[in-house]
1. Taking Lys88 as the anchor, which lysines have their alpha carbon closer than 19 Å to its alpha carbon, excluding any fewer than eight residues away along the same chain?
2. Whole Å is fine, so just give me how far the alpha carbon centre of the range 220-256 lies from that of the range 329-397.
3. Any idea what the dipole of the range 194-389 comes to, in debye rounded to 20, about its Cα centre with Lys/Arg Cβ at +1 and Asp/Glu Cβ at -1?
4. What are the ³J(HN,Hα) couplings of the range 195-203, residue after residue, when phi is run through the Karplus curve with 6.51, -1.76, 1.60 and θ = phi - 60°? Round to Hz, x for glycine and proline.
5. Under the rule of at least 5 residues apart or a separate chain, name every residue whose amide H is placed under 5 Å from the amide H of Ser56.
6. Determine the alpha carbon to alpha carbon distance for each of Lys208/Lys290; Lys69/Lys105; Lys208/Lys287; Lys69/Lys261; Lys225/Lys290 and list only those over 28 Å.
7. Averaging sequence separations of C-alpha pairs under 8 Å and six or more residues apart, then dividing by the length of the range 194-389, give the relative contact order as a whole percent.
8. Towards the positive end of the charge dipole of the range 194-389, with charges on Cβ (+1 Lys, Arg; -1 Asp, Glu), say which of Phe370, Gln255, Leu308 has the farthest Cα.
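Quick note: the coordinates plus some simple rules give every number you see, no bench work behind them. Everything numeric here is computed off the predicted structure, so don't read it as measured data. As a convention, Cβ positions derive from the backbone with ideal geometry for all residues, glycine included, and neighbour counts pool all protein chains shown.
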Amino acid sequence: MNDVYSKYKPIHRRDLTRSFLPALHKKCTSKLQEICAEATHVSLTLDIWCDRRMRSYFGVTLHTIIDDKYKTFLLSFERLEGKHTSDKLATEFDRITQLYNLKDKIVRLITDNASNNLAAFDNIILPGFDDYFDGIIDDSSESESESKSNDKETDDYAPAVGEEKQLQTHEADDSIYQTTLDSATEEEFLRLPCFCHCLQLVVNDGIKASAAAASSLQKVASIAKLSHSSTVFSERLEKFNYTIPRANRTRWNNQFQTVKKVIDIPSSILNLILSDLKKNDLILNSKDRKVLEEFVSLFELFNEATVLTQGESYATICLVAPTVLGILFDLERELGSSTLTLVSLCEALIASIKARFSGLLRYFEIDVPFNTYCMSERFSDVIFLISPLLDARFKLL
């Protein structure tokens, strides 16, 4: 800056943290208050997020329509210390609603289904991919390593041996709604579960029933890992214009894409390269390919839905009913196929969808279990039927 403009005087760090940033924060809050004053109806998304050092944060996002335009704003992202008790969350939520004068404008609240279980589904690992991540440095672990080398405080938060693995396999908790279904208050019915989370719980149920595909998926994981560790293998693939993306332990559908990429490589090419490298144990035979193609077919719609429901420029609630019905009908059609090998996986996915979305599916006279999961009745909210009717993509379907 001295070369650019010799009279420029850099802002002192103390002034930046004590004056400039607080002033910007105040200005931002004032602007958000003006926006909230313009809005007549709002919906809020609440979530608890945890960073790599296990520090928790409470985030609140606002969704509204102003001047016929869909608007989304982050209202708060505050550090949450100590135990995540309901009283503490309620106090923070009340502070935000009072600050922005939203109490009488809230239409619906979308809450994390397991906010007291932060690692519930962050790490859904496909069968056979457990060994893939051993020794593989992905983006998240790489940033963690940098943090450890640059910040001495990180050592206080480093997970004990085996603890990280425990977090990855921790089962999801469906008991966040600690009220009975019969005695829910009117305010309680304003609260809706996170659809994307429920969808991932169905995926998790299916993965537990994927034993028949485990050995084939293990081969895929080993082939993918070989492509990131052997330059000879990766270069041979590149000559045929094929690459295998690096899988991420925190995104099941990222691992799913890796499986798709591997089976997209023709047998004649993949088997020839593996044979030349003396990796005959990794060759995918015809049975492996059939199993993997079925696995991809069963989870394809879940992958599409996971991507679609993360949209920011459209109301994703419109997708809930069409997605649930579309996936269920597709799975039932697959189950009726006489050539299906992964029958138990397909049955597990169908049973999970019917149990977790029973409140919605009853509207369509579909035979579903009652009170299987406390979240399932939340999907009986009529908004899940109204919102697709207002979406031009679905018209009168």
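1. Candidates past the 8-residue exclusion: Lys103.
2. 34
3. Computed charge dipole of the range 194-389: roughly 760 debye.
4. Each residue of the range 195-203 in turn: 4, 4, 5, 4, 5, 5, 5, 5, 4 Hz.
5. Correct list: Leu80.
6. In this structure, Lys69/Lys261 exceed 28 Å between Cα atoms.
7. 24
8. Gln255
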